[in-house]
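Colleague: Sharing a structure below in structure tokens format, with a few things to ask.
The values are calculated or read from the model by the stated rules, or taken from the named source; none is laboratory data. This structure is a prediction, so every number in the text was calculated from the model and none was measured. Here the Cβ positions follow ideal geometry from the backbone for every residue, glycine too, while neighbour counts run over all protein chains shown.
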Amino acid sequence: MSSDKKPNLDHPVFAIVKERFAGKRFRATEFRRQSTLIVDPQDLHEVLAFLKSDSRCDFNFLSDIHYVDYLGYPAKTVGRFACVYNLLSLARDDRFFVKTFLDPSLPTDGIADDPALYLDSVTDLWPGAEWMEREAFDMLGIRFRNHPDLRRILLWETYPAFPLRKDYPLRGRGEREMYRVLDRTSS
């Protein structure tokens, strides 16, 4: 396959979304026959609700939400953090990805409540998103408006940072020093 070949963006959902949201700005990609719609953060919930409820799309299952920190990524990206929603239409056995980018407005080396790192929760569409959104908050500091229980899920509430951010030091920020070292003889 030549590198100058354009992606085949013929997934029918692209046309349906473009028709429904004619005034909104979208981008689309396809990689290894996996289609991704890139949506602005303020439009994310509305587009996901449409993809779930419209009978032509019928993405009734949220398989996963995953998150990416693009700090230091060699190619230019729209924002530093990306949230990717992995949707599945069980009736058609069709998978579709919806991605949105967030760019922090405050330094990311602490736990500051950055207004640029907010998304609308999709727990009203897929209740199973509750734990996935809590993990995004706990590990990367992305917050979700209207989430029923947004609190840390893996770390304690007063943990001083978000450890899956790429600017978090590999050795931590002193949290290991407060624990007693255990060896075979001390158990």
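Colleague: Applying the selection to segment 68-127, what residues are free of Cβ contacts under 8 Å to residues at least 24 places away in the same chain, of a type outside the set (Ser, Thr, Tyr) and closer than 21 Å to Lys166 by Cα?
Modeller: Val68, Pro74, Ala75, Lys76, Ala82, Leu106, Pro107, Ala112, Pro115, Ala116
Colleague: Consider segment 45-67. How many of its residues are within 16 Å of Asp93 (Cα to Cα), surrounded by fewer than 17 Cβ atoms within 10 Å (Cβ to Cβ), in contact (Cβ under 8 Å) with a residue 40 or more places away in the chain and over 15 Å from the mean Cα position of the chain (by Cα)?
Modeller: Adding up the residues that qualify gives 2.
Colleague: At pLDDT below 95, over 18 Å from Asp69 (Cβ atoms) and surrounded by fewer than 12 Cβ atoms within 10 Å (Cβ to Cβ) - does that describe any residue in segment 126-142?
Modeller: Taking every residue of segment 126-142 in turn, none turns out to be at pLDDT below 95, over 18 Å from Asp69 (Cβ atoms) and surrounded by fewer than 12 Cβ atoms within 10 Å (Cβ to Cβ).
Colleague: Taking strands (runs of 3 or more DSSP E) that do not extend beyond segment 52-165, which have at least 3 residues that are in contact with a Leu (Cβ under 6 Å, 6 or more places away or on another chain)?
Modeller: On the way: elements: 61-69, 81-89, 94-102, 118-120, 143-145.
In segment 52-165, 61-69, 94-102 are the strands (runs of 3 or more DSSP E) which contain 3 or more residues that are in contact with a Leu (Cβ under 6 Å, 6 or more places away or on another chain).
Colleague: Something else about it: Working only within segment 18-51, note down all residues that are modelled with pLDDT of 95 or more and in a helix (DSSP H, G or I).
Modeller: Of everything in segment 18-51, those that are modelled with pLDDT of 95 or more and in a helix (DSSP H, G or I) turn out to be Arg20, Pro41, Gln42, Asp43, Leu44, His45, Glu46, Val47, Leu48, Ala49, Phe50, Leu51.
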